[in-house]
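The values are calculated or read from the model by the stated rules, or taken from the named source; none is laboratory data. Since the model is a prediction, treat every value here as computed from it, not as a measurement. Positions of Cβ are generated from backbone atoms using ideal geometry, with glycine treated the same way; all protein chains shown enter the neighbour counts.
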Amino acid sequence: MTHPTDPPPGHQTTDMIPQLCCHCGGLTRRPVLVGEAYTPSGAGRSIYACPADAPLFGERYAGPAA
């Protein structure tokens with residue numbers, strides 16, 4: 001079952017979910033994946049930076065989040 005606000009099948013949205021930059025703490029709509037955090041319980045999370053701060057992470061820079 002689909003929700004009434006879901007986009008029609010085959011429609012892809014280019015809007016990213018806003019994320020907090022791990023460096024400056026600002027909210028960005030163009031998050032860049034710069035790392036992953038793991039926990040002993042197995043639940044992990046992605047770490048994002050804004051495009052301006054992403055180069056500060058050097059080799060860990062993974063490009064724009066998709």
Run down Gly25, Gly58, Gly35 and say which single residue is in a loop (DSSP other than H, G, I, E, B) and either at pLDDT 85 or above or among the small types (Gly, Ala, Ser) (or both).
-> Gly25
The range 38-52 - residue that is part of a strand (DSSP E or B) and touching a Pro at 6+ places or on another chain (Cβ under 8 Å) and, of those, nearest to Cys24 (Cα to Cα) = Ala49
